[in-house]
1. Do we find a residue being surrounded by 13 or more Cβ atoms within 10 Å (Cβ to Cβ) and either under 22 Å from the mean Cα position of the chain (by Cα) or of a type in the set (Lys, Arg) (or both) anywhere in the stretch 122-129?
2. Tell me the residue from Asp162, Asp169, Asp183 that is out of contact with any Gly (no Cβ under 6 Å at 6 or more places or on another chain) and not in a helix (DSSP H, G or I), please.
3. Output the number of the condition that Pro290 fails; it satisfies all remaining conditions of (1) open to solvent by 10 Å² or more (accessible area, probe 1.4 Å); (2) in contact (Cβ under 8 Å) with a residue 12 or more places away in the chain; (3) under 22 Å from Lys49 (Cα atoms); (4) of a type outside the set (Asp, Glu).
4. Is it true that Ser86 is of a type in the set (Ser, Thr, Tyr), exposed (fewer than 14 other Cβ atoms within 10 Å of the Cβ) and either farther than 30 Å from Asp162 by Cα or at pLDDT below 90 (or both)?
5. Could you check the stretch 63-75 and list, in sequence order, the residues that are open to solvent by 70 Å² or more (accessible area, probe 1.4 Å) and over 21 Å from the mean Cα position of the chain (by Cα)?
6. Are any residues in the stretch 187-236 of a type in the set (Gly, Ala, Ser), open to solvent by 60 Å² or more (accessible area, probe 1.4 Å) and either assigned to a loop (DSSP other than H, G, I, E, B) or closer than 30 Å to Asn156 by Cβ (or both), and if so, which ones?
7. Check the stretch 113-133 and report whether any residue there is hydroxyl-bearing (Ser, Thr, Tyr), in a helix (DSSP H, G or I) and in contact with a Ser or Thr (Cβ under 8 Å, 6 or more places away or on another chain).
Amino acid sequence: MQTLSLPRPTFNRLFLVGVMLTLSSLSTFANQCLTIQCDCATLTSGVDKLACEKQQLSLEADCKATGNLTGYCQIAGLDASPLPFSLYDLPPQFETEKDVEKSLGLLESMYWSAQEDLKSADNYQNKAAYGNALTVYKNLSATLDRAYGISRQAYNAWRALDEKGEAEDVAEAGYEKLHDWADVLYISARGLWAKRAETDPKLQKKRLVLAMNVLRYAGNSFQQAAELASLTKDYPEAARAWQAAAETSVVMISWRQQAKSKAQYINYYRQQGVASWYRAALYWDKDEEPELAAEARLQAERLQQTAVVSAQ
């Protein structure tokens, strides 16, 4: 019987491709693990610094063992990475004053669009068309993300152009808008969750899924508002916004547990809540409010302990 075999040149090419893919995977793996930097050196509290360093070593060891990032910096400095937030993936900075002003001119129409989306979502909710409402809320949240991005870009550009006052005005206005939107979304989410149960179990599940998504959008807006407040050095407002973000994560954990969500989702929001409480503590420290900082750290520790209890 004649035996078929691949020609040697083809085999060599396949072998080389395999080697290249393996090297590429190893490179990606190595780069992922090298991105872990919890910014521990900037922490002023000795206790926090030690806990941060221990946490970073654990994250690095887990990454090397699995080939993937397995968690986030929670006790961390302000420039830590990775964090359980989506705050820094911003478009390129504006280069000229004309670019800044043109983009800032879009914000009013963007917030108007978000308001129209909210009205549309309310109409769908009243008709129990929860799938349609979720689509609209997704669009609303994406609009708020773009507005945050423009505010950050404009702030950075004004600073680069040596216009500190203009930069702080943009950040302050963005903080106020996003904090207001976070409050609106939070209230909407709580209302959806608390509403009387639907007679159709499938419809009820859709409503609860909608509530959790709207709560997630509220948390994002609280985080974004906190970042913008910090740019103006309004540390009390930054701390309060991070506390609101943390409390939103705590509510999400409760809802996810009731909905019997996968452990990985619950763990993510727990890490997000802990990181938010610690971030609030850092800003209370900057505002020289040690008692409020201590309370935020205590809340973070209590939330961390729930992970230990769940694992037992």
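The values are calculated or read from the model by the stated rules, or taken from the named source; none is laboratory data. Computed from a predicted model, the values in this text were never measured in an experiment. Here the Cβ positions follow ideal geometry from the backbone for every residue, glycine too, while neighbour counts run over all protein chains shown. All accessible areas refer to the heavy atoms of the entire protein, side chains included, with ligands and DNA or RNA removed. Shrake-Rupley method; radii C 1.70, N 1.55, O 1.52, S 1.80 Å.
1. Taking every residue of the stretch 122-129 in turn, none turns out to be surrounded by 13 or more Cβ atoms within 10 Å (Cβ to Cβ) and either under 22 Å from the mean Cα position of the chain (by Cα) or of a type in the set (Lys, Arg) (or both).
2. Sole residue among the options that is out of contact with any Gly (no Cβ under 6 Å at 6 or more places or on another chain) and not in a helix (DSSP H, G or I): Asp162.
3. With (1) open to solvent by 10 Å² or more (accessible area, probe 1.4 Å); (2) in contact (Cβ under 8 Å) with a residue 12 or more places away in the chain; (3) under 22 Å from Lys49 (Cα atoms); (4) of a type outside the set (Asp, Glu) applied to Pro290, the lone miss is (2).
4. Numbers: of a type in the set (Ser, Thr, Tyr): yes; exposed (fewer than 14 other Cβ atoms within 10 Å of the Cβ): yes; either farther than 30 Å from Asp162 by Cα or at pLDDT below 90 (or both): yes.
Spelling it out, Ser86 is indeed of a type in the set (Ser, Thr, Tyr), exposed (fewer than 14 other Cβ atoms within 10 Å of the Cβ) and either farther than 30 Å from Asp162 by Cα or at pLDDT below 90 (or both).
5. Correct list: Lys64, Ala65, Thr66.
6. Here is the first cut: in the stretch 187-236, the residues of a type in the set (Gly, Ala, Ser) are 188-189, 191, 194, 197, 211, 218-219, 221, 225-226, 229-230.
Pick out the ones that are also open to solvent by 60 Å² or more (accessible area, probe 1.4 Å) and you get 194, 197.
Ala197, the sole residue that qualifies.
7. Taking the stretch 113-133 and keeping what is hydroxyl-bearing (Ser, Thr, Tyr), we get 113, 120, 124, 130.
If we keep only those that are in a helix (DSSP H, G or I) as well, we get 113, 120, 124, 130.
After this cut, where a residue has to be in contact with a Ser or Thr (Cβ under 8 Å, 6 or more places away or on another chain) as well, the list is 113.
Yes, some residue in the stretch 113-133 is hydroxyl-bearing (Ser, Thr, Tyr), in a helix (DSSP H, G or I) and in contact with a Ser or Thr (Cβ under 8 Å, 6 or more places away or on another chain).
Table: residues versus (1) without any contact (Cβ under 8 Å) to a residue 24 or more places away in the chain; (2) not hydroxyl-bearing (Ser, Thr, Tyr).
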{"position": "Leu107", "(1), (2)": "no, yes"}
{"position": "Gln153", "(1), (2)": "no, yes"}
{"position": "Lys164", "(1), (2)": "yes, yes"}
{"position": "Tyr175", "(1), (2)": "no, no"}
